[in-house]
Amino acid sequence: MIEIIFQSSADARNFYEHLHERLLSSNQTDNKTLQFEGQHIVKIFIENSLKDLESVKEVFYQFIVNRKQDDWFRRILIENYYYEDEGEQQQILEIIHSILEGNREDLAAFVSDLDVKESLKSAIDQLFQNNISFSFDSFVKFRMRPLMDQMAKYVEVSIDEYKMEQEYQMFIQTLRDFLSGRQAKLNTIHVLMDEGIHFYDEQFYEIKRVELLRMIDRKLLSNHPVYVDSVTIAPLLSIAPACIYLYSDDYEQPLVRTIRNIFEERLVLDSISGFYENKRTYPYAADEKM
């Protein structure tokens, strides 16, 4: 028999329902297999079967991951970093989950020596034995202390990323405000990202670097000297074209992402080969054929 004692009746009920659903789906449950006593105690009667034990351990693992883990992350956010706003907590949690799910390799590098999933499974493996009784809250307090330290590291990395994203969004909004209401110096610009960045006017004549520099609004660089790219962003903001054709084979690179966020509805994306095709077929660029 396995007996798990919870301080929280809600935790006990939630775990019981998860386990009941799992055992029911595999035709393993009846009143003698699983009992819920006193609103705080879950009792599981299993045969000496490794398969049955593994099922219980898996449900216990999923219960922690799906029902408790975010609560613990939120507690770390509140107690260690004073993030009490639920909206901010949720945004940071989304970053944490993106790391845990392997979708943020750039951030995963900062926690490459940690493995929350394996650490949790290891702690559960050490805990579960046949005919045992334990307190869930004591398990969390004592057995999971190293895991909580790992979770705190994930929170730290995610907070840093959240702050950077907030600063980035403020930066984007500032540049959109700068762009708003500016009169266009050119109606259409073609920007080619192919072995460097090249600007072309509406008729596909290249705009030389010297000419681009003359178009840049100096107030833009003086107000944002660190963040504004003088090669690409500053000319585009200063020219303020109604339409920008951006040609690249990598739409996910940071510069393309920034241009998309600033210019949004003014931007048309195409491939590098699309640029050469458009240039070749443009009626007034016959003398400029590649």
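Since every read-out is calculated from the coordinates, none of them should be taken as a lab result. Computed from a predicted model, the values in this text were never measured in an experiment. No Cβ is skipped: glycine too gets one built from the backbone with ideal geometry, and neighbour counts run over all protein chains shown.
General observations
- Over 20 Å between alpha carbons, listed pairs K57/K117; K117/K163; K141/K163; K57/K153; K121/K163: K117/K163; K141/K163; K57/K153; K121/K163
- Per-residue [θ]222 nm for the chain (sum of -39500 (n - 2.57) over DSSP H runs n ≥ 4, rounded to 500): -16000 deg cm²/dmol
- Candidates E156, E94, E211, ranked by Gaussian network fluctuation over the chain, Cα under 10 Å, top entry: E211
- Each distinct pair of alpha carbons in region 48-87 adds a 1/r term; the inverse of their mean, the Kirkwood radius, is 11.9 Å.
- 3J(HN,Hα) along region 245-262: 9, 10, 10, 7, 9, 9, 6, 9, 5, x, 5, 5, 4, 5, 4, 4, 5, 6 Hz, from the Karplus curve 6.51 cos²θ - 1.76 cosθ + 1.60 with θ = phi - 60°, whole Hz, x for Gly and Pro.
- Between V268, V65, V210, the Gaussian network model of the chain with springs among Cα atoms under 10 angstrom shows the greatest mean-square fluctuation at V210.
- Sequence ranges 77-86, 193-202, ranked by mean other-Cβ count within 10 angstrom, highest first: 193-202, 77-86
- When both bridge partners sit in region 188-288, DSSP labels roughly 40% of those beta bridges antiparallel.
- Percent antiparallel among DSSP beta bridges (both partners in the chain, rounded to 5): 50
- Region 69-110 and region 168-207: distance between their alpha carbon centers, rounded to Å: 35
- GNM flexibility winner over the chain from Q90, Q126, Q69 (Cα, springs under 10 Å): Q126
- For region 33-180, diffusion coefficient by Stokes-Einstein and Kirkwood Rh (Cα), 4 °C, 1.567 mPa s, µm²/s: 73
- Highest mean packing first, where packing is the average number of other Cβ atoms within 10 Å per residue, the peptides 238-245, 174-181 line up as 238-245, 174-181.
- Three-way shape call for region 28-118 based on the alpha-carbon gyration tensor, with the a/c threshold at 1.5: oblate
- Pairs of Cα atoms in region 188-288 fall into 10 Å distance bins, from 0 up to the last occupied one, in shares of 15, 49, 31, 5, 0 percent.
- Compactness of the chain as Cα Rg over 2.2 N^0.38 Å, two decimals: 1.52
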